[in-house]
Every structure is written in C-alpha cells, then in structure tokens.
C-alpha cells in the first residue's frame with residue numbers, strides 16, 4: 001500500500017478503546033529484553049494477558065497511560081528499549097526544560113530536536129521551516145525523523161511515539177492545537193491502520209520516502225506560554241500529551257478568515273473550510289465556540305471583505321458584487337452592506353464611505 005488516508009477527526013475519550021494491541025506488545029517486548037515479566041504492569045493497567053494474542057484487540061488511552069508509566073519506571077527507560085542506551089526516567093522532562101525558555105515555538109522545537117540528539121544517536125529529529133523545506137506547500141513546516149538504528153520490530157512504536165511526544169509538547173507549550181497537513185511514515189501500513197485517525201487527525205501516508213510531520217507553519221511564530229510552575233504540574237502527568245489532542249486553537253480564527261477570503265468561484269461552505277483544516281464541520285463549530293467566535297459572524301465578515309474588494313477593484317454591477325459576496329439577492333446585500341459600512345455599496349464605491 002503506497003498511501004493510506006486517515007483524515008476524519010475522532011478525538012479519543014479516555015474510556016474508548018482505540019489504542020492498538022501492537023503498542024502493548026511493544027512494551028511487553030521491552031520487558032522481555034530486560035529479562036522481566038510484564039504481568040504486573042498489565043494487571044495494573046487492567047489488560048488481560050490473553051489480549052496480546054489477539055491481533056485486533058485494543059485498549060483505552062487510560063489503560064495505555066498506566067502501562068507506559070509502569071514500564072518506564074520499572075525499566076528506568078523512557079524509550080522502552082528503542083535505543084542503544086536507556087533514557088532514565090526524567091529524560092524527556094530535561095528536553096522540556098531546555099525548551100521552556102524559548103521565545104517562540106520555532107525556537108522551542110529546534111531546541112527539542114537538537115537536545116534529543118544528545119540523548120541518543122539512533123534517531124535524529126530536524127525542524128525544517130518553509131524556507132528550507134524541499135517538499136510541501138509554502139505554508140508548511142516539517143519535522144523530519146531519520147531512523148538510523150532502530151530494530152524493525154520497534155520501528156512503528158518508536159516513530160509514532162517520538163512524533164506524538166514532540167507534537168504533544170509543542171501544543172502544550174503554546175497552549176494551542178497545531179493543525180497538521182499530513183504525516184508520512186517510511187514503514188508499510190499496519191493492520192491497525194484505523195488507529196492512525198486518532199493518533200494523527202490528518203492525511204497519513206505509509207511507505208513514504210521519509211518519516212515526517214507536516215504542519216501549518218504559522219504556529220511557529222506563536223509565543224511560548226508556559227512557565228516552570230506549569231511545567232512541574234505537567235510533568236506529574238505528561239503521558240496524556242502523547243495520546244490526546246489539544247482542542248483550543250489559537251490560530252483557528254485567522255486560518256478560517258484566510259480561507260474564506262481566498263478568491264473562489266463561490267463562497268465556501270463550512271464543510272469545505274473544515275476539509276481544508278483536516279477536521280469535521282462539527283469540530284470546526286465547536287472549536288470556534290471555544291475561542292468565542294461563531295461561523296456565521298466569520299462568514300459575514302468574509303462576505304463584506306469580498307464585497308469591499310469587488311467594489312474597489314472592479315466595475316462589476318452591484319447585483320454581481322452581491323453574488324460573488326455570497327448573497328442570494330441584491331436587496332439583502334445592500335441592506336447588510338449598509339449596516340457594515342454605514343453607506344450603500346454604490347456610495348462606498350464612489351468614495352463616500354472610504355474616508
């Protein structure tokens with residue numbers, strides 16, 4: 001399979017079982033490598049050992065969080081056997097502290113990637129801003145994950161977890177969801193490919209030339225909003241950051257405005273805008289409510305912006321301006337425009353409302 005899309009957003013609720021058993025097996029394998037039994041950790045997470053033999057079994061995010069923490073503490077390895085050396089408990093906390101004083105997300109992510117190379121030489125992480133990216137859209141930033149020495153059996157769990165670690169921490173440090181454009185993996189699509197719609201709510205491609213996380217570059221300029229006190233609290237329970245997605249999006253309104261104001265044959269619907277953001281229309285409405293905005297207001301402001309542009313840059317008749325602005329008839333457009341600008345469209349065009 002050359003490509004597989006998992007574009008429908010399905011935010012995971014802690015009680016919903018959506019984490020594939022393959023990831024549980026990977027943790028059990030880490031115990032085996034250390035000559036230990038995973039039975040106690042499985043029992044603590046309420047995961048029956050027989051599930052390990054069931055290819056289509058799943059566990060909840062809460063169960064996986066308990067299992068992961070138990071394994072990392074018992075094995076004293078936050079990498080769970082992926083690398084040439086253990087990463088003792090607290091290693092990723094050190095990465096977080098090294099990034100905390102950064103002024104922007106771009107600097108924080110660069111520090112994380114650079115300092116991760118001090119922990120292990122088995123993988124490398126590199127942030128590519130749009131000006132330096134060799135592929136992708138001009139508004140896309142990329143994190144490239146180069147697998148230098150990971151055992152094939154551990155490759156999927158390692159790469160997925162590393163990208164989720166970085167994505168989760170990055171969203172937390174700016175207190176905002178980060179809109180993903182696409183995620184690529186160099187390994188083949190696994191049997192549990194459906195889980196990727198939860199892990200990465202965007203198009204996901206397998207058998208890609210490289211493993212990479214592609215996201216909206218506008219987030220890189222957002223300021224770091226967390227301090228040492230917040231970090232201390234987060235590190236008490238950091239694992240959910242690798243599983244659950246942020247709902248708040250500090251760039252959402254600007255992104256919606258930009259999409260709505262892009263010239264097109266007809267005004268875009270909520271479904272079309274949501275599709276460009278890799279979310280459902282229901283999620284779009286919910287996320288707008290969370291930041292104190294609503295779809296109708298943004299649609300109206302975009303219509304007025306389109307009307308302004310058409311009036312000032314063309315000689316289109318008012319009826320046609322109404323159409324390109326998304327109004328069904330000229331009268332309703334004139335009425336709405338007069339409320340917005342204080343004058344009629346014709347008067348606005350003649351300069352009576354532009355001073």
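Descriptive notes on the structure:
- Cα-based helix-to-principal-axis angle, 295-313 vs the chain, degrees rounded to 10: 50 degrees
- For the range 252-349, the spread of Cα coordinates along the three principal axes comes to 39, 25, 20 Å, biggest extent given first.
- Fully extending the segment from residue 320 to residue 101 would add 73.5 nm, taking 0.36 nm per residue of separation and subtracting the current Cα-Cα distance.
- Placing a pseudo-label 7 Å from each Cα along the Cα-to-Cβ vector at residue 275 and residue 44 gives an inter-label distance of 4.7 nm.
- Between 0 and 90 degrees, the angle of helix 152-174 with respect to the longest Cα principal axis of the chain falls at about 50 degrees.
- Order of 344, 161 - criterion: other Cβ atoms within 10 Å of each residue's Cβ, fewest first: 344, 161
- Within the listed set 25, 212, 289, the residue fluctuating most in the Gaussian network model of the chain (springs between alpha-carbon atoms under 10 angstrom) is 289.
- Helix 281-290 axis, angle to the chain major axis (alpha carbon atoms, nearest 10°): 90 degrees
- Fewest-first ordering of 286, 114 by other beta carbons within 10 Å of each residue's beta carbon gives 286, 114.
- Stretchable slack from residue 36 to residue 285, in nm (0.36 nm times residue separation minus alpha-carbon distance): 84.8 nm
- For the peptides 65-76, 49-60, the ranking by packing is 65-76, 49-60, with the highest mean count of neighbouring Cβ atoms within 10 Å listed first.
- Each principal axis of the Cα cloud of the range 33-160 was evaluated for its coordinate range; sorted largest first, these ranges are 50, 30, 27 Å.
- Extension reserve of the residue 293-residue 191 stretch, reckoned as 0.36 nm per residue once the Cα distance is removed: 32.7 nm
- Hydrodynamic radius (Kirkwood) for the chain, which is based on Cα pairs only, to one decimal in Å: 22.6 Å
None of the figures in this text is laboratory data; all of them are computed from the coordinates on show. From a predicted model like this one, the values you see are computed outputs, not experimental measurements. Quick reminder, even Gly has a Cβ in these numbers, built from the backbone with ideal geometry, and neighbours come from all protein chains shown.
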